[in-house]
Amino acid sequence: MGANSRVWPQAVRHSRGGNQYEVSCAHEHSKCLLLAHKQFKIPASPTLPKGGWNTWIDFDKFLAASLDEKRRTANDISHTEYMLPTPNWALYGSEEVGFDPKQVRRVSAKRKKYLELE
């Protein structure tokens, strides 16, 4: 990712609450960065030995909680119930730059030519 994609989110971060946010994830192909609140950066614990970003969602748990009328009405649903650790390959600064190593990256001839120019 280019220099602007590193500078811009830092500027946004400072305009939106300074040190409450960090760039947590990057996806080179789509040129997307995730600016996440630090509440999702969990310190190391017995259940999460390495600690780290928890920006992924367990959609089955989220759906179950959101369909529970009583809990939804009482506003008794917490993000901690359905958050998941962010995979290492999705983290900002990772070698994989957001590409899941289990998937095969397909580069068209046109894109390959463009990549060679960079």
Quick check: is even one residue across the stretch 43-59 modelled with pLDDT of 85 or more and out of contact with any helix residue (DSSP H, G or I) (no Cβ under 9 Å at 6 or more places or on another chain)? yes
Mind checking whether some residue in the stretch 91-107 is among the hydroxyl-bearing types (Ser, Thr, Tyr), at pLDDT below 90 and loosely packed, with under 15 Cβ neighbours inside 10 Å? no
Take the stretch 31-41 and flag every residue that is open to solvent by less than 60 Å² (accessible area, probe 1.4 Å) and in contact (Cβ under 8 Å) with a residue 24 or more places away in the chain. LEU33, LEU35, PHE40
When HIS14 is run through (1) open to solvent by less than 60 Å² (accessible area, probe 1.4 Å); (2) of a type outside the set (Lys, Arg); (3) more than 20 Å from GLU95 (Cα to Cα); (4) at pLDDT below 80, the failure sits at (1)
For the stretch 36-47, check the following and say yes or no: at least one residue is among the small types (Gly, Ala, Ser) and part of a loop (DSSP other than H, G, I, E, B). yes
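The values are calculated or read from the model by the stated rules, or taken from the named source; none is laboratory data. A quick note: this is a predicted structure, and the numbers were derived from the prediction, not measured. Methodologically, a virtual Cβ is constructed for each residue, glycine included, from the backbone with ideal geometry; neighbour enumeration extends over all protein chains shown. Each accessible area value is taken on the protein alone, full model and side chains, heavy atoms only, with ligands, DNA and RNA left out. Shrake-Rupley method; radii C 1.70, N 1.55, O 1.52, S 1.80 Å.
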